[in-house]
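S.K.: Input: one structure, supplied below.
The values are calculated or read from the model by the stated rules, or taken from the named source; none is laboratory data. The structure displayed is predicted, hence computed values, not measured ones. Ideal geometry is used to build each Cβ from the backbone, glycine not excepted, and the neighbour counts take in all protein chains shown. Note: accessible area is taken over every heavy atom of the protein model, side chains too, but ligands, DNA and RNA are not part of it. Shrake-Rupley method; radii C 1.70, N 1.55, O 1.52, S 1.80 Å.
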Amino acid sequence: MTAEHSLRPLPTGTDTEIAIVGGGLSGTLAATLLGRSGYRVTLIDRHPVFPREFRVEKIAGDQIDKLRRIGLLDSLSAAAAAFDEIVNVRKGRVLDRTRARHYGIFYDDLVAAMRAELPETVRFVAGRVSAVEAGSERQRVSIIGQPDVTARLLVLATGMGDILRRDVGIERRFVHQRQSLTFGFNVRPAGASAFKHTALTYYGERVSDGIDYLNFFPAGGVTRANLFVFREHTDPWVKALRDRPREMLIETLPGLLDTFGNFEVIDRVSSWLTDITVAENCKRDGVVLIGDAYQTSCPAAGTGVSRLLTDVERLCMVHVPQWMASPGMAAAKIATFYDDPMKQAMDERGLELANFRRSLTIDTDLRWRARRQVHFSRRRILHEIDKFSPSFAARLRGLKRPQVEAVT
Ligand SMILES: Cc1cc2nc3c(=O)[nH]c(=O)nc-3n(C[C@H](O)[C@H](O)[C@H](O)COP(=O)(O)OP(=O)(O)OC[C@H]3O[C@@H](n4cnc5c(N)ncnc54)[C@H](O)[C@@H]3O)c2cc1C
């Protein structure tokens, strides 16, 4: 991709056209797209190199299409482990197989691969931002121990723990506190040279276990496990899982060893408690929120990256060019991003899927008991039809696409 216009002189009193605070996936992708379009961008993150933190580790489905569309899929595929089939299992029996390209990658490697694509028009500043000020003409970013950065537009891509939004009067509404728990750890085969499958999803067996699913997949030269659970974080099972992951998984998912093979857990179990939050009162002069800073996602629903890619694409390809074409950066301009129907539909889908995964896993009312039964039976039947008539199975799948396909 080439710059669409040459560098313009900076407006009086600003150091850069666009300041982006937060160089995780959202901020880095936004900086790359805006930089490639010829804007002068300053990207600020407290980490010169993103540390090994537990976030998304599997990229699939619409995320791949979106990365391809913005010209960054090759960078992902060069850094990630590609695999094309996931065997989906429930109660020790194969439910179906997901045949599609997936990429396994640790989040720090993903951010590093994307940061390597930052064009020269992007200045990267390593530092902790202590305060931000926003207005209809000029934005100011204060960085500890470094000169302030001033810009025409401020993008906050500061993730879940974002507090800087408070400086500009933006609130956060809890949609669902402690909505889900996610665990991540590495495994290796025990008593065999390889596992039975490259990638496997094992669904929870009983509602009382609160397990949505356990994924095994290749990433960073190891087999990675991600476990998605709807339980209270204070539940003794949670502590036991952290202390004795292998024993607890074998006890809770009795068919696991037979379908995947014996395994050892080879590192510490990482865990993450997710609150689903949405920013409020965000139509403000000069500042826009993207990615988790705007809305967080349920990891089990696998929509965090789809959401942030929609934010980045719509912001950088549609809205920023319109905003920068005329003087000022008043709230009325910024509002067009939050009112964007494609963004709103994606955000809504993220919330819907978060509820869907939780209810499918743990709701015990009659409606959800029936829905759970239909959901898994339907998948099993389609898998059987697939064996003798893949085209008929594909037609049936197309009639009503199961929501679960978004994650596996
Ligand atoms: C355990 C877990 C599993 C997940 N699994 C999936 C999945 O399977 N599929 C999926 O699609 N999504 C998943 N997600 C969601 C996905 O990881 C996130 O939506 C995505 O990483 C958000 O990226 P971001 O850039 O918005 O935020 P982050 O990656 O958190 O980046 C925020 C950045 O802001 C910087 N920052 C913050 N404050 C300051 C400051 N004051 N000064 C300077 N820098 C600052 C931080 O250093 C950080 O680099 C998962 C999330 C978690 C937690």
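S.K.: For a quick check: with amide H placed at 1.01 Å from N, whose amide H comes under 5 Å from residue 285's, ignoring anything fewer than 5 positions away on the same chain?
M.R.: Amide H neighbours of residue 285, under 5 Å, 5+ apart: 331.
S.K.: Under a 10 Å cutoff between Cα atoms, tell me which one of 300, 60, 240 has the largest fluctuation in the Gaussian network model of the chain.
M.R.: Result: 240 has the largest fluctuation of those listed.
S.K.: Return the distance in nm (one decimal) between the two label points of a simple spin-label model at residue 126 and residue 222, each offset 7 Å from Cα along Cα→Cβ.
M.R.: For residue 126 paired with residue 222, the spin-label model returns 2.4 nm.
S.K.: Oh, and also: Show the residues, 5+ positions off or on another chain, whose built amide H is closer than 5 Å to the amide H of residue 275.
M.R.: 178, 179
S.K.: What nm value, rounded to one decimal, do you get for the distance between residue 176 and residue 363 when each label is placed 7 Å out toward the C-beta?
M.R.: Placing both labels 7 Å along Cα→Cβ, they lie 1.0 nm apart.
S.K.: Let me check I've understood the local charge: for residue 124, count other residues with C-beta under 10 angstrom from its C-beta, Lys and Arg +1, Asp and Glu -1. What total comes out? Please list the in-between numbers first.
M.R.: Details: positive: 115, 123; negative: 45.
Combined, the nearby Lys, Arg, Asp and Glu give +1.
S.K.: Moving on. Among bridges DSSP assigns within the chain, what percent are antiparallel (round to 5)? Write out the running numbers ahead of the final one.
M.R.: Numbers: 54 of 74 bridges.
Rounded to the nearest five, the antiparallel share is 75 percent.
S.K.: Hand me the trypsin sites (Lys or Arg not before Pro) from the stretch 223-283 located in a DSSP loop with no more than 12 other Cβ atoms within 10 Å, in residue order please. Could the numbers behind the result be given before it?
M.R.: On the way: sites: 224, 231, 239, 242, 246, 268, 283; in loops: 231, 268, 283.
Qualifying residues, ordered by number: 268.
S.K.: Tell me, in nm to one decimal, what length is gained between residue 52 and residue 205 on full extension, where the rule is 0.36 nm per residue of separation less the Cα-Cα distance? The partial results should precede the final answer.
M.R.: On the way: separation 153, 0.36 × 153 = 55.08 nm, distance 3.15 nm.
Difference between extended and current length: 51.9 nm.
S.K.: Using 0.36 nm per residue of separation minus the Cα-Cα distance, give me the extension gain between residue 318 and residue 373 in nm, one decimal.
M.R.: Numbers: separation 55, 0.36 × 55 = 19.80 nm, distance 4.29 nm.
Extra length from residue 318 to residue 373 when fully extended: 15.5 nm.
S.K.: How much accessible area per residue does the stretch 25-113 have, counting only protein heavy atoms and a probe of 1.4 Å, in square angstrom? Present the calculation step by step, with values, prior to reporting the outcome.
M.R.: Details: 3240 Å² over 89 residues.
On a per-residue basis, 36 Å².
S.K.: Considering the chain as a Gaussian network with a 10 Å cut-off on Cα pairs, which listed residue, 144, 170, 276, attains the greatest mean-square fluctuation?
M.R.: Among 144, 170, 276, the largest GNM mean-square fluctuation belongs to 144.
S.K.: Taking the Cα centre of the stretch 1-150 as origin and charging only Cβ (+1 Lys, Arg; -1 Asp, Glu), how large is the dipole, in debye to the nearest 20? Walk me through the numbers on the way to the answer.
M.R.: Numbers: 21 positive and 19 negative charges, 111 e Å.
Rounded to the nearest 20 debye, it is 540 debye.
S.K.: Can I ask one more? Set Lys and Arg Cβ to +1 and Asp and Glu Cβ to -1, take the dipole of the chain about its Cα centre, and tell me which of 305, 199, 233 lies farthest positive.
M.R.: In the chain, that residue is 199.
S.K.: Just from its helices, what would the mean residue ellipticity at 222 nm be for the chain, if runs of 4 or more DSSP H residues each count -39500 (n - 2.57) and the sum is divided by every residue, rounded to the nearest 500 deg cm²/dmol?
M.R.: Theoretical 222 nm ellipticity from helices: -10000 deg cm²/dmol.
S.K.: Moving to a separate point now. Rounded to the nearest percent, how much of the accessible area of the chain (1.4 Å probe, protein heavy atoms only) is carbon and sulfur?
M.R.: Working: 8840 of 17570 Å².
Ligands and nucleic acids excluded, carbon and sulfur give 50 percent.
S.K.: Would you be so kind as to identify which of 104, 374, 149 lies farthest towards the positive end of the dipole of the chain, taking Lys and Arg as +1 and Asp and Glu as -1 on Cβ and the Cα centre as origin?
M.R.: The listed residue farthest towards the positive side: 374.
S.K.: So how far, in whole Å, is the C-alpha centre of the stretch 235-258 from the one of the stretch 146-211?
M.R.: 21 Å
S.K.: Dipole magnitude of the chain about its Cα centre, charges +1 at Lys/Arg Cβ and -1 at Asp/Glu Cβ only, in debye to the nearest 20?
M.R.: Values: 58 positive and 49 negative charges, 214 e Å.
Approximately 1020 debye in magnitude.
S.K.: Still on this model: Starting with the highest mean, order 68-78, 343-353 by the number of other Cβ atoms within 10 Å, averaged over the residues of each peptide.
M.R.: Working: 68-78: 15.5, 343-353: 17.5.
Answer by packing, highest mean first, reads 343-353, 68-78.
S.K.: Which ³J(HN,Hα) values in Hz, rounded to whole numbers, follow from the phi angles of the stretch 216-224 under the Karplus curve 6.51 cos²θ - 1.76 cosθ + 1.60, where θ = phi - 60° and Gly and Pro get x?
M.R.: Each residue's phi maps through the Karplus curve to give 10, 7, x, 7, x, x, 10, 9, 9 Hz.
S.K.: Ranking request for peptides 210-218, 257-265, 18-26: highest mean number of other beta-carbon atoms within 10 Å first, then the rest in descending order. Working shown, then result.
M.R.: Working: 210-218: 22.9, 257-265: 17.1, 18-26: 27.4.
Answer by packing, highest mean first, reads 18-26, 210-218, 257-265.
S.K.: Next up: Apply the membrane-span-like helix rule to the chain: whole DSSP H runs, Cα extent along the own long axis of at least 30 Å, mean Kyte-Doolittle hydropathy at least -1.0. List the helices found.
M.R.: Span-like helices here: 341-362.
S.K.: Rounded to the nearest 0.05, what FRET efficiency do residue 257 and residue 380 give with R0 = 22 Å and r taken as the Cβ-Cβ distance? Could you check? Walk me through the intermediate numbers first.
M.R.: On the way: r = 21 Å, r/R0 = 0.97.
E between residue 257 and residue 380, to the nearest 0.05, is 0.55.
S.K.: A follow-up question, please. Protein chains only, probe 1.4 Å: how do 94, 374, 168 rank by accessible area, largest first? Present the calculation step by step, with values, prior to reporting the outcome.
M.R.: On the way: 94 55, 374 95, 168 15 Å².
Ranking 94, 374, 168 by accessible area, largest first, yields 374, 94, 168.
S.K.: For the chain, with a Gaussian network of springs between Cα atoms less than 10 Å apart, report the residue from 43, 366, 95 with the top mean-square fluctuation.
M.R.: Ranking 43, 366, 95 by mean-square fluctuation puts 366 first.
S.K.: Highest first, please rank the peptides 193-204, 327-338 by the mean number of other Cβ atoms sitting within 10 Å of their residues. Don't skip to the answer; put the middle values down first.
M.R.: Working: 193-204: 18.8, 327-338: 16.8.
In descending order of packing, they fall as 193-204, 327-338.
S.K.: Hey, what's the stretch 176-273 come to in accessible area per residue, 1.4 Å probe, Å²? Could the numbers behind the result be given before it?
M.R.: Details: 4070 Å² over 98 residues.
Averaged over the residues of the stretch 176-273, the accessible area is 42 Å².
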